[in-house]
Amino acid sequence: MKKLIALLLSLAMVLSLAACGSSSSTAETKTEEPAAAEASTPTEAVEAVGDASAAPSTDGALDLTGKKIGLAMPTQSSERWINDGNNMKTQLEALGAEVVLQYGDDDIQQQVSQIEGMIAQQVDCLVIAAIDSGSLTTVEQAAADAGIPIIAYDRLLMDTENVTYYATFDNKGVGVAIAKYVEEKLDLANAKADGKTYTCELFMGSPDDNNALFLYNGIMEVLGGYFEDGTLDVKSGRTSFQDTCILRWSQETAQQWCENYLASSYADAHLDICLCAFDGFAYGCKAALTSAGYTAENWPLITGQDCELMATKNIIDGTQTMSIYKDTRLLAEKCVSMVGAVVLGTEPEINDTEQYNNNVKVVPTYMCTPVAVDKDNYQEYLIDSGYYTEADLNAAS
Ligand code: BGC
């Protein structure tokens, strides 16, 4: 009898080891692409893809069969949110979940109605990227009353206790990366001694998006001194966040502002830097500069954020200088681990428990790392990581 029990026990051990092996290899397959994006150098990224010993992600083992997840995304007017929605949907469906994905078209009331609809459908979890981060408190309370947990996706949900986790990029880090790029590219540290100054205008993000102020603060941490000592000369005089933030991240408003600046403050001067917090603003500036007669010979340095396909093409042809690569595949993976945590009780991946205070609580967060990309490194970060293919870049817009 004892022998039989020992035999059964060792058989059970062999079977469970085999099961572990198969689930961890599934996890490794799932972490391949995001690992590439999170590595700090392109070489590390390429090595990480082939690293069979990489730690398995917790979400690789999730089974969300029978669970319904609501994804409320803000807009389809910018490519990044379409990618975010698709990545989340694909990853959640691969784990067996049913997904309700809706876009609010930058209309707050529409987003509220969509979330109400998801609550009525009794989703097991809500993932929200808000249009206006503080305007959802009532519907968030309704979700909480219905026992539905909420995860904030990329944009922090403000003024509510009803948010469990937050998956995002290092938003201050985005500002720092943009500013450091400008500082290094123009050698601002030595500009004063060389008697050089650069004209600059700021196009910052939406005041109802918590990310925008973080980004602005990151920019000012690096460039604030250069604005103060005149190395960066803002002829419009607008340097505060209040004066430079653009509601709903509107490309049209950025274009309008740039046209106004060029016609007034820069009627007799050259604009050297368009400090844009978003690729859409860079497109707006590009249009304004083109109609004002700027050409390749005197084109300004233009920054951006998101590495949208159009922005990447512009980086290659020189009409945008840089952008910030935010791998939405990685963000989706971190968010999925949080969905698992609230729905199944697994451990989420968290790497920040201090920075993101929504006025009611500090929300446990996973921050992905943003990377500055320009024409010298786009190949490594955007193509070699599989984010875009050469064909994507060559296709007509
Ligand atoms: C995101 C940025 C994006 C912006 C405009 C922000 O909340 O963090 O990546 O460029 O929204 O869509």
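The figures follow:
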{"read-out": "Meets criteria (within 16 Å of the ligand (Cβ to nearest atom), surrounded by fewer than 22 Cβ atoms within 10 Å (Cβ to Cβ), of a type in the set (A, V, I, L, M, F, W, C) and not assigned by TED's automatic domain parsing to the domain that holds THR353) for LEU186", "value": "no"}
{"read-out": "Members of the stretch 239-256 that are within 16 Å of the ligand (Cβ to nearest atom) and surrounded by fewer than 23 Cβ atoms within 10 Å (Cβ to Cβ)", "value": "PHE241, THR244, CYS245, LEU247, ARG248, SER250, GLN251, GLU252, THR253, GLN255"}
{"read-out": "Single residue of the stretch 312-335 satisfying the filter (over 15 Å from the mean Cα position of the chain (by Cα) and part of a helix (DSSP H, G or I)) that is surrounded by the fewest Cβ atoms within 10 Å (Cβ to Cβ)", "value": "ASP317"}
{"read-out": "Pair list, Cβ < 7 Å and 6+ apart or interchain, from the stretch 98-116 residues that are assigned by TED's automatic domain parsing to the domain that holds ILE69 to residues that are of a type in the set (Gly, Ala, Ser) and in a strand (DSSP E or B)", "value": "VAL100/GLY70; GLN102/ALA72; GLY104/ALA72; GLN111/ALA72; GLN114/ALA72; ILE115/ALA72"}
{"read-out": "Filter result for GLU184 (more than 21 Å from the chain's Cα centre (by Cα), at pLDDT 95 or above, outside any helix (DSSP H, G or I) and not polar (S, T, N, Q))", "value": "no"}
{"read-out": "Leading residue by the ranking (farthest from the ligand (Cβ to nearest atom)) among those in the stretch 262-290 that are part of a loop (DSSP other than H, G, I, E, B) and loosely packed, with under 15 Cβ neighbours inside 10 Å", "value": "ASP268"}
{"read-out": "Checking GLY230 against (1) surrounded by fewer than 24 Cβ atoms within 10 Å (Cβ to Cβ); (2) touching a residue at least 40 places away in the same chain (Cβ under 8 Å); (3) not in a helix (DSSP H, G or I), the condition it does not meet", "value": "(2)"}
{"read-out": "Those residues of the stretch 165-183 which are more than 11 Å from the ligand (Cβ to nearest atom) and either β-branched (Val, Ile, Thr) or without any contact (Cβ under 8 Å) to a residue 24 or more places away in the chain (or both), in sequence order", "value": "VAL176, ILE178, VAL182"}
{"read-out": "Residue within the stretch 301-311 that is part of a loop (DSSP other than H, G, I, E, B), of a type outside the set (Ser, Thr, Tyr), more than 16 Å from the ligand (Cβ to nearest atom) and within 20 Å of MET204 (Cα to Cα) present", "value": "no"}
{"read-out": "Checking GLY293 against (1) away from the ligand (no atom under 16 Å from the Cβ); (2) at positive phi; (3) within 22 Å of the chain's Cα centre (by Cα), the condition it does not meet", "value": "(3)"}
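The values are calculated or read from the model by the stated rules, or taken from the named source; none is laboratory data. Values in this document were obtained by computation on a predicted structure and should not be read as measured data. So basically every Cβ, Gly included, is an ideal-geometry build from the backbone, and we count neighbours across all protein chains shown.
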